[in-house]
1. Considering only the range 23-49, state which residues are more than 30 Å from residue 104 (Cα to Cα) and loosely packed, with under 11 Cβ neighbours inside 10 Å.
2. Name the residue that is nearest to residue 49 (Cα to Cα), counting only residues in the range 63-99 that are modelled with pLDDT under 90 and open to solvent by less than 60 Å² (accessible area, probe 1.4 Å).
3. What residue, of 52, 56, is under 14 Å from residue 15 (Cβ atoms), hydrophobic (A, V, I, L, M, F, W, C) and open to solvent by 50 Å² or more (accessible area, probe 1.4 Å)?
4. Going through 71, 59, 63, 48 one at a time, which residue ends up being farther than 30 Å from residue 23 by Cα and of a type in the set (A, V, I, L, M)?
5. Scan (1) open to solvent by 50 Å² or more (accessible area, probe 1.4 Å); (2) assigned to a strand (DSSP E or B) for the single condition residue 102 breaks and write down its number.
Amino acid sequence: MSTVRSSARSAFRSAAIFCDFLRLADGRLALEELHRFPNTPIKVAGSLCWNIPALIEGLKTGLKQSAVRRLPIASISTDSWGVDYLLLDAQGEIIPPVFHYRDPRTACGVASV
């Protein structure tokens, strides 16, 4: 079985889908990049925001590539910086805008820390 993991470690440039799997021959864990895609923030009403639709499409493309290769998926996990968030309404829909951590509105919080 394999774990498909998304990563935005190069958060301002790109994101990627990786596949972690156990090599049966030697019992070692291997990591393979399946798909890399742009992770470019967008300006919305003067604020820097995450391009959520583009990120979701990039993730879907990577998962489709996993399916084409018939990689068995045991779990899916996400890796992020942990400083961003988005809000959901009562129906589970994203409430825009989804501010990027590098948006100037966060500067006062950074200065106070």
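The values are calculated or read from the model by the stated rules, or taken from the named source; none is laboratory data. Because the structure is a prediction, the values reported are computed rather than measured. Positions of Cβ are backbone-derived with ideal geometry, glycine not excepted, and every protein chain shown enters the neighbour counts. Just so you know, the surface numbers come from the protein's heavy atoms only, side chains and all, with ligands and any DNA or RNA stripped out. Shrake-Rupley method; radii C 1.70, N 1.55, O 1.52, S 1.80 Å.
1. 23, 24, 25, 26, 27, 28, 29, 31 - these are the residues of the range 23-49 that are more than 30 Å from residue 104 (Cα to Cα) and loosely packed, with under 11 Cβ neighbours inside 10 Å.
2. 84
3. 56
4. Just one listed residue meets the conditions, 48.
5. Every condition holds for residue 102 apart from (2).
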